[in-house]
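The values are calculated or read from the model by the stated rules, or taken from the named source; none is laboratory data. Quick caveat, the model's predicted, so the values are computed rather than measured. Positions of Cβ are backbone-derived with ideal geometry, glycine not excepted, and every protein chain shown enters the neighbour counts. Side chains are part of the model used for accessible areas, which takes the heavy atoms of the whole protein and leaves out ligands, DNA and RNA. Shrake-Rupley method; radii C 1.70, N 1.55, O 1.52, S 1.80 Å.
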Amino acid sequence: MSQEKWPNKTAVHFGITNTLSDEVQFDGEKDADYFHLFAKQKGYDSELVLSSKTPIGAKHIKQQLLELKENTRSNGLYFISISGLSYVERSRFNPFKRRRRNKSLLLSGNEVFTKQDLIECLSVFDADDRVFFLVSDCETKGQIEKTSVATSKFEKQNVITKAAVLSLGFNPRAMKHLNISSGALDFEYATKTANTFQDVLDNLDSLNASNMKYVNSDLGCYNTHKNGAFVL
């Protein structure tokens, strides 16, 4: 889609580190910095927010998105990403059972970012806006009680904007085996030839087939736009 249709292209990327960072080979701030540079190359007015400089909580994220929207006078194209660790709830009876599992993104101080937080973030935007919301996370094992940002059935509720939400779940053991700390380059590759949201998932799956599967793209994908168009 031509940039003329989107005079306002705005991005914000949140990078999060926490006390579990030493246990896995993943750097949320590194991913956020990459997406920040990637967005600028795409012509976005982009901002980078790092937890090492300021604590990042759900309230902080929602407030920043609200201010971002208020400063945009007309409809806009938005690229939002949150990068950090996540807890995945395993079945106590059958940890290897293949099913969608509860997952929660960890913010500063191990605060949990829930599906409701996601809905509240998306509800900030208007019907004529387009939003791509990326959760770039490395999964860690743990028991959680709150609803997942990535696995529960997505219900728009108060969301009127056209939004695509993708939650990536990087496997820490595979990343260690491949000696990588980020999946950002593979994400960029997956978007290069993508015209629809499904194209992004198919491209990620093709990468998974060619090497060790460390991107679990089936853990959380939602598209509130009926024709599935992908714009970034």
Practice problem: Inspect all residues belonging to region 49-56 and state whether any of them is under 17 Å from Ala184 (Cβ atoms) and either in contact (Cβ under 8 Å) with a residue 40 or more places away in the chain or outside any loop (DSSP other than H, G, I, E, B) (or both). | Solution: yes
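Test His36 against the stated conditions and say whether it is assigned to a helix (DSSP H, G or I) and open to solvent by 30 Å² or more (accessible area, probe 1.4 Å). It would help to see each step written out before you state the result.
Details: assigned to a helix (DSSP H, G or I): yes; open to solvent by 30 Å² or more (accessible area, probe 1.4 Å): no.
In short, no.
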Practice problem: Please give the number of the condition Ala163 fails out of (1) touching a Ser or Thr at 6+ places or on another chain (Cβ under 9 Å); (2) surrounded by fewer than 16 Cβ atoms within 10 Å (Cβ to Cβ). | Solution: (2)
Quiz item: When region 124-165 is examined, which residues are found to be polar (S, T, N, Q) and at pLDDT 90 or above?
Solution: none
Exercise. Run Val88 past the list (1) open to solvent by less than 10 Å² (accessible area, probe 1.4 Å); (2) at pLDDT 80 or above; (3) more than 17 Å from Val49 (Cα to Cα) and report the number of the one that doesn't hold.
Key: (2)
Quiz item: What are the residues in region 34-79 that are of a type in the set (Asp, Glu) and touching a His at 6+ places or on another chain (Cβ under 8 Å), if any?
Solution: Glu47
Exercise. Return the pairs, sorted by first residue and then second, in which the second residue is among the charged types (D, E, K, R), the first residue lies in region 120-138 and is over 15 Å from Leu66 (Cβ atoms), the beta carbons are less than 6 Å apart, and the residues are 6+ apart or on different chains.
Key: Arg130/Lys162; Ser136/Asp31
